Amino acid sequence: MVENQLIFELHQVCFAYPGGRPLLNNLDFHLRAGEKVGVVGSNGSGKTTFLHLLMGLLAHQQGEVKLFGNKVVSRHDFAGFRTRIGLLFQDADDQLFSPTVIEDVAFGPLNQGKSVAEAKALAMRVLARLDIAHLAERVTYQLSGGEKKMVSLATVLAMEPEVLLLDEPTTGLDEATRAKISEVLKGLDLAYVVISHDYDFLADVTGLTYYMHEGRFADDAGQVIHNHFHLHPFGSYPHQHSH
Amino acid sequence: MLKEHFIQGKSLLHRLDPRGKVLVACFFSLVVALTHSPVVAGGGVVFGLLLVLIARLPWRPVGRRLALVNIFNLFLWLILPLTYAGSHHWQWGALVFSYEGAALAALITLKANGIFFCFLALVATSPVVTMAYALQRLGVPAKLVHLLLFTFRYIHVIEQERQRLVSAAVVRGFKPRVDLHTYRTYAYLVGMLLVKSFARSQRVYEAMLCRGFHGRLYCMSEFSLTREDVVAVAIMLLSVIFLGGYEWLKIS
Ligand SMILES: Nc1ncnc2c1ncn2[C@@H]1O[C@H](COP(=O)(O)OP(=O)(O)OP(=O)(O)O)[C@@H](O)[C@H]1O
Ligand SMILES: [Mg+2]
């Protein structure tokens, strides 16, 4: 990979759902190789929409989008880039569709042309890395919410993408699992964009946080590391801190 | 949850290569569906029952499905004897019962049950997904195989959505009664079910695109023909040929 290569380059992008208010409004965004950024913003501010736009699931209506230096216009242009980008959906139910976990995780690698044996081995490695190897043979629609989330993450990582787009990866996860995700993300040598409402998590895994407001990014120049007190509902039980 | 009831099992038929099983089941249905001979149709039922015994299927779910199939046959028994024009009949008041009609109803009943048993023992003993891949290996066009796989997959999606909607109604104290509120709620349920399942299927398709789906599905399970497969499939095929041959000999 070229050092400092631009992965995403968005210039004055506008988007509105049919019949809806303008959601993204002259938005500018850049992501370079290796950059790790967070996105925060209020509910319904368009964060998920933004990620789907980066992935070409939605088509922007105005402005310019460049992927890996190539200009893309219609959703069709994205086809060749999709396997280089890994998108984790906000709702894990949307992500899993194979009958068993191992098949779902191997689905991406198989599409990339790996042999069945290679894809299976890779899938097992990724599952083991996320500490969920024991779920391999389970049926996807019978997993718990948190388990689904972890398996979804595994399906994305198994494609070995060059950039990750994570839509609220920690929602509904316990402390230990959240810490596991932080650890895995920090150990990755790739660029990612993480949407989250969990500020501690963002501070841990990203370098820069953007704040989405009125369809645009205001980058969080005022971000300061600070100490704060927080409530421990089960303070008498031993627990792990993710921050 | 929708369950594949018969795939758990360690019998010979569970072990057999799904390709061989599909082949036998299709050939058998062809012979039995086309036959005019009650002997062949009866032989088909015996053959099918034998397979069910070999597969050691749990008898309770088999019975439930058997009842379902035969409800349709019951209608044939009600209609055919009364409406079939034949030379032999038996009259009671204005009602004319034709023997040929009854014979036809009997033949159809035999055929339906034979094919039912056969598919239960051979096809229902493998997971749908494995069966789909087996069809793909047998040269069935990829589009048809996808249709089967996605139909199966989305039946689950719709069922899940239904359960969610029903629980959402139940946790807020919904009890079906005979009133407008109940009917309206059910109408909403059905409407939402369609819309939500459609939206979800679209999102699942998008998720597949994100992971490089380009119209091909890959099979994770390896198929391999063992000697057991070859022998078992050959015996079954021979029995079916024998059934078909019996009729062919009688005609010529
Ligand atoms: N398919 C759609 N059609 C029309 N409007 C939509 C559609 N999907 C989302 N919206 C609307 O677009 C707005 C932004 O949605 P989006 O999902 O991007 O928000 P978000 O920032 O991810 O919010 P959250 O933090 O709650 O996940 C919302 O007001 C939503 O109602
Ligand atoms: Mg969102």
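The values are calculated or read from the model by the stated rules, or taken from the named source; none is laboratory data. What you see is a predicted model; the values in this text were computed from it and never measured. Note that we place each Cβ from the backbone using ideal geometry, even for glycine, and neighbour counts take in every protein chain shown. Each accessible area value is taken on the protein alone, full model and side chains, heavy atoms only, with ligands, DNA and RNA left out. Shrake-Rupley method; radii C 1.70, N 1.55, O 1.52, S 1.80 Å.
Looking at B:Leu13, B:Leu51, B:Leu80, can you tell me which residue is assigned to a helix (DSSP H, G or I) and in contact with a strand residue (DSSP E or B) (Cβ under 9 Å, 6 or more places away or on another chain)?
B:Leu80
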**Message:** Being within 8 Å of chain A (Cβ to nearest Cβ) and within 30 Å of B:Leu12 (Cα to Cα) is the filter here; which residues of region B:199-229 pass it?
**Reply:** B:Tyr218, B:Cys219, B:Met220, B:Glu222
**Request:** Quickly run through region B:110-152 and pick out the residues that are among the basic types (Lys, Arg), surrounded by fewer than 21 Cβ atoms within 10 Å (Cβ to Cβ) and in contact (Cβ under 8 Å) with a residue 40 or more places away in the chain.
**Result:** B:Arg137
**Request:** Answer yes or no: is there a residue in region A:40-58 that is more than 13 Å from ligand 1 (Cβ to nearest atom), within 14 Å of chain B (Cβ to nearest Cβ) and without any contact (Cβ under 8 Å) to a residue 24 or more places away in the chain.
**Result:** no
**Request:** Taking the residues in region B:145-192 that are assigned to a loop (DSSP other than H, G, I, E, B) and not small (Gly, Ala, Ser) as candidates, determine which candidate is nearest to the other protein chains (Cβ to nearest Cβ).
**Result:** B:Val171
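Being within 16 Å of ligand 1 (Cβ to nearest atom), assigned to a helix (DSSP H, G or I) and modelled with pLDDT of 90 or more narrows it down to one residue among A:Ser152, A:Ser182; which is it? Step through it out loud before you land on a result.
On the way: A:Ser182 fails: within 16 Å of ligand 1 (Cβ to nearest atom).
Just one listed residue meets the conditions, A:Ser152.
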**Message:** Name the single residue that is nearest to A:Asp131 (Cα to Cα) among those in region A:145-195 being in contact with a Leu (Cβ under 7 Å, 6 or more places away or on another chain) and of a type in the set (Lys, Arg).
**Reply:** A:Lys180
**Complete:** All conditions in (1) aliphatic (A, V, I, L, M); (2) within 16 Å of ligand 2 (Cβ to nearest atom); (3) in contact (Cβ under 8 Å) with a residue 60 or more places away in the chain are true of A:Ala33 except (2)
**Prompt:** Name the residues in region A:47-98 that are open to solvent by 50 Å² or more (accessible area, probe 1.4 Å) and within 16 Å of ligand 2 (Cβ to nearest atom), would you?
**Reply:** A:Gln90, A:Asp91
**Item:** Within region A:185-199, considering residues that are in a loop (DSSP other than H, G, I, E, B), surrounded by fewer than 17 Cβ atoms within 10 Å (Cβ to Cβ) and more than 16 Å from ligand 2 (Cβ to nearest atom), the one farthest from the chain's Cα centre (by Cα)
**Value:** A:Asp189
**Message:** So if I check each of B:Leu57, B:Leu12, which one is among the aliphatic types (A, V, I, L, M), open to solvent by less than 50 Å² (accessible area, probe 1.4 Å), more than 23 Å from B:Ile108 (Cα to Cα) and in contact (Cβ under 8 Å) with a residue 24 or more places away in the chain?
**Reply:** B:Leu57
**Request:** State the number of residues belonging to region B:112-157 that are of a type in the set (Phe, Trp, Tyr) and at pLDDT below 90.
**Result:** 4
**Prompt:** Quick one: is B:Leu217 of a type outside the set (Ser, Thr, Tyr) and more than 30 Å from A:Glu162 (Cβ to Cβ)?
**Reply:** no
**Item:** Flag for A:Ile195 being closer than 25 Å to A:Glu103 by Cβ and not small (Gly, Ala, Ser)
**Value:** no
